[in-house]
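The values are calculated or read from the model by the stated rules, or taken from the named source; none is laboratory data. Remember, it's a predicted structure, so these values are computed and weren't measured experimentally. With ideal geometry, Cβ positions are generated from the backbone for all residues, glycine too; neighbour counts draw on all protein chains shown. Just the protein is used for accessible areas: all its heavy atoms, side chains included, with ligands, DNA and RNA removed. Shrake-Rupley method; radii C 1.70, N 1.55, O 1.52, S 1.80 Å.
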Amino acid sequence: MSLLSVRDLSVKFAMRDNTVTALNQISFDLAKGERLGIVGESGAGKSITGFALMNLLSRPGFVDSGKILFQGDDIAQMSDAQMRRIRGNQMAMIFQDPMVTLNPVLTIGQQMVETLMAHRKLSKSEAEQIAIVKLREVYIPSPAERLNQYPHELSGGMRQRIIIAIALLLDPQLIIADEPTTALDVTIQADIMELLLELCETNKVGLILITHDLGVVSQMTERTLVMYAGRIIEAGRTREIINDPQHPYTQGLINALPQQTAPGQRLKQIPGNMPSLTAIPNGCPFSPRCEYVQDHCRTEAPKTVQYTHVEVACHEVHRLHSDKAEEMNR
Amino acid sequence: MTAPQPLLDIRNLEKRFELDRGFLETLKLRGGKLVQEKREVHAVNDISLQVAPGEALCVVGESGCGKSTVARLIAGLLTPSSGEIHYGGERIDNRSRRAMMPLRKKMQMIFQNPYASLNPRMTIQQALEEPVRYHNPNLSQGEIRDKVADVMRAVGVDPSWGGRYPHEFSGGQRQRIAIARALTVDPEFIIADEPISALDVSIQAQVLNLMLEAKEERGLTYLFITHDLSVVQHFGTKVAVLYLGSVCELSDTATLFENPKHPYTRALLSAVPQLKDDHPNHIRLRGEIPTPINLPPGCPFESRCAHANSRCQSEQPRPQLQPDGALVACHAVEEGRLDG
Ligand SMILES: Nc1ncnc2c1ncn2[C@@H]1O[C@H](COP(=O)(O)OP(=O)(O)OP(=O)(O)O)[C@@H](O)[C@H]1O
Ligand SMILES: Nc1ncnc2c1ncn2[C@@H]1O[C@H](COP(=O)(O)OP(=O)(O)O)[C@@H](O)[C@H]1O
Ligand code: SF4
Ligand code: SF4
Ligand SMILES: [Mg+2]
Ligand SMILES: [Mg+2]
């Protein structure tokens, strides 16, 4: 059984006079200990996906339909009390800004001990011992002293490591990390990614890594979802997606990177912008920006079809595959 | 052949910011005695560099290493604590605001947040016309409008959108408009501080292409600040690597990426997540970045360097010219103990 199984999940926002669709029937699975990347440009729906999985959507957002099965139970149907037991305990989330999680007026120790004692029957000193062990795991120097420090006394990189230590406190099965290193310098980003990878591998923790950085996804994950305008437009093994992208948007994202063009030459840009939720085009949402667009792309949404290595939602990809299949039959 | 005269020549530039402003803040208890003590941030320390006409110098380094401060010093938005800045052969760091005016036109600045360079209460047409009118008082209204329309088309913004306000555009469009605004006065030198860092990949490509075009077609010279090394490799002709306010390596872009020498440059290059390589050879740095308030007496990188020795603790390394033209400030490189 999958650790996590998302089926036809749709999330909407109730606006003043209508509702808009932020996630449109997305489906994916995550096996125990698997690392999955979610990529796409800003506004694609990556963070909304993370919030929905944690049952943290706040109004006006709501799950309109679909299932989020975590170890077989539907998160979307859970009461707040049930969800609180799972959140932190079995699923934990790491945000781009560590101060979303850290309370500025409590010491690191107070926050860690509080979290532990809320979920486990422990004495204060037992909880402190566990906190020190977790801080050591994320390579925080002199962990015992750090317990008495306040968040503002620590550097950004150190704060993000403490967030990881807090996420690991209750030995979760799944960590959802939303742009965890985007605000950090490259050298510190590399340290934190290496740490996260090591911890997930040794403890068999599942990871959903949300990022717009294809390099990070390539180094960290086994499988990748590419999102556009609230849909998964391509999904599969990370290697395949990076080396042989099928969907025109995925190709565009990779080709636009400076390292794909000789120094000084014009970069291959994708024209236009990600649509806003109130103006998602009919048919294929990428059609106004796509160089392969055909008439039916503008009226008919492409289905998601599973091929050997990846699943893709694009008419042109489907046509190429059926042409190939026909040729084989001849 | 002699090297062309640099357009920009920075000599021993220093900038210190006072941390404690009021008299009471400067009083400190030391060994039971009350003493007056001023703390300073050493943001820029003894930086020297040149930019030749047509060159694109990229400045890289960690957050807080002094990149923006260098940019603001050159643009005349800050006054150096010491050192000199020469532009087109003339010293500019000691000029009054008035005397800087003719230079304002030649030298334009673009910021990470395009809101910083666009007034939210002005339409795009007004924002673009203003600098043209200011710097060309003799142009007629029709000539001004033509010039603005030309520039808008050149950056891929429809001139019929002129009546809209900045918030009605996307981030990438706003940044293109900010660049358009800088280009309307035909500058020769552009200082860009993280101009594409806040943008998505596909939009980054649009903006970077625009800057490349301006470089080729107008022969523009750039000082380009970024933390994205793939952008440096693509856009820069030269790179300055900054650490804690000092230049640790200054070299041609190709040379720097092929043969990085300074231990910090090597760590930085190794930390970039690669698209196609599964097993990065990431050099893990130990220790924390020191604050620029209490600068170490020796090499600024000493606390995190795997090659540091006692000389590094006490003596500051000076930039030394390498056989391939790179300038590197590192004792280990000078002593040849890094590698063969
Ligand atoms: N007005 C100021 N007063 C005091 N300190 C300042 C001031 N401006 C900058 N500094 C300090 O000077 C140092 C260099 O700052 P600077 O803004 O140049 O960094 P940067 O390299 O541009 O960093 P980033 O990548 O985060 O933009 C930092 O330690 C900063 O805190
Ligand atoms: N509270 C909200 N009300 C309406 N729309 C929202 C709200 N929060 C997010 N959105 C929209 O949902 C879409 C997806 O957002 P998000 O998941 O944050 O994107 P990203 O992929 O950048 O993380 C965007 O178009 C965003 O503007
Ligand atoms: S469905 Fe059509 S418009 Fe959409 S990505 Fe495929 S070819 Fe392009
Ligand atoms: S001077 Fe010493 S401490 Fe500094 S980079 Fe070189 S070897 Fe490292
Ligand atoms: Mg997001
Ligand atoms: Mg800056």
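The table below lists the values:
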{"read-out": "Gaussian network model of chain B, Cα within-10 Å springs - most flexible of B:E62, B:E84, B:E288", "value": "B:E288"}
{"read-out": "Cα-centred dipole magnitude for the protein assembly as shown, charges only on beta-carbon of K, R (+1) and D, E (-1), debye, nearest 20", "value": "1440"}
{"read-out": "Residues whose placed amide H lies under 5 Å from that of B:I191, excluding near-sequence neighbours", "value": "B:Q108, B:M109, B:I110, B:L223"}
{"read-out": "Sequence of B:M122, B:M101, A:M328, B:M152 from largest to smallest accessible area, 1.4 Å probe", "value": "A:M328, B:M101, B:M122, B:M152"}
{"read-out": "Overall Cα dimensions of segment A:52-152 - principal axes, largest extent first, Å", "value": "48, 29, 22"}
{"read-out": "Rough spin-label spacing in nm, given labels placed 7 Å along Cα→Cβ, for A:D171 and B:Q126", "value": "6.4"}
{"read-out": "Cα centroid separation, segment A:165-207 to segment A:1-76 (Å)", "value": "21"}
{"read-out": "With every protein chain in place, chain B: carbon and sulfur % of accessible area (1.4 Å)", "value": "49"}
{"read-out": "Hydrodynamic radius of chain B per Kirkwood, over alpha carbon pairs, in Å", "value": "21.9"}
{"read-out": "Gap separating the Cα centres of segment A:116-161 and segment B:326-340, nearest whole Å", "value": "40"}
{"read-out": "Straight-distance crosslink candidates among aspartates and glutamates, where the alpha carbon sits under 15 Å from A:K303 and sequence neighbours closer than 8 are dropped", "value": "A:D8, A:E234, A:E311, A:E316"}
{"read-out": "Positive-pole candidate from B:A214, B:H42, B:V60, dipole of chain B, charges at beta carbon", "value": "B:H42"}
{"read-out": "Relative contact order (percent, whole number), chain A, Cα cutoff 8 Å, 6+ residue spacing", "value": "19"}
{"read-out": "The protein assembly as shown: radius of gyration and largest Cα-Cα distance (Dmax), Å", "value": "27.1, 96"}
{"read-out": "Rg in Å to one decimal, and Dmax rounded to a whole Å, for chain A via C-alpha atoms", "value": "21.4, 74"}
{"read-out": "Close Lys-Lys pairs in chain B, where close means Cα under 25 Å and separation is 8 or more or interchain", "value": "23"}
{"read-out": "Kirkwood Rh, Cα atoms: Rg over Rh of segment B:237-340", "value": "0.96"}
{"read-out": "Total accessible area lost when A and B pair, probe 1.4 Å, Å² to nearest 100", "value": "3500"}
{"read-out": "Segment A:V100-A:T278, length gained on full extension (0.36 nm per residue, minus Cα span)", "value": "61.3 nm"}
{"read-out": "Mean separation of Cα contacts under 8 Å, 6 or more apart, over the residue count of chain B: relative contact order %", "value": "19"}
{"read-out": "Relative contact order computed over segment B:125-199 (Cα-Cα under 8 Å; 6+ residues apart), in percent", "value": "38"}
{"read-out": "Average accessible surface area per residue within chain B, 1.4 Å rolling probe, Å²", "value": "47"}
{"read-out": "Overall dimensions of segment A:228-330 as given by Cα atoms, namely Rg and Dmax in Å", "value": "14.8, 47"}
{"read-out": "Bridge type composition, the protein assembly as shown - antiparallel percent by DSSP, nearest 5", "value": "60"}
{"read-out": "Whichever lysines have a C-alpha closer than 25 Å to that of A:K124, once near sequence neighbours (fewer than 8 apart) are set aside", "value": "A:K134"}
{"read-out": "Estimated distance in nm for a label pair at A:Q110 and A:E326, the labels positioned 7 Å out from Cα along Cα-to-Cβ", "value": "7.1"}
{"read-out": "Peptide A:264-277 - average C-beta neighbours from other chains (10 Å radius)", "value": "5"}
{"read-out": "Two-decimal Rg to Rh for segment B:152-258 - Kirkwood Rh, Cα set", "value": "1.01"}
{"read-out": "Cβ-Cβ FRET estimate between A:Q129 and B:A198, R0 fixed at 45 Å, reported to 0.05", "value": "0.60"}
{"read-out": "Farthest positive-ward along the protein assembly as shown dipole, Cα basis, beta-carbon charges - from A:A127, B:A326, A:S218", "value": "A:A127"}
{"read-out": "Coordinate range along principal axes, alpha carbons of segment B:36-113, Å, largest first", "value": "42, 28, 27"}
{"read-out": "Candidate residues B:T221, A:T308, B:T237: accessible-area rank, largest first, probe 1.4 Å", "value": "A:T308, B:T237, B:T221"}
{"read-out": "Approximate spin-label separation B:E84-A:R319, in nm, with each point projected 7 Å along Cα-to-Cβ", "value": "6.7"}
{"read-out": "Full-stretch length increase - B:A306, B:K38 - with 0.36 nm per residue and alpha-carbon distance subtracted", "value": "93.2 nm"}
{"read-out": "Cα-based helix-to-principal-axis angle, B:171-183 vs chain B, degrees rounded to 10", "value": "80"}
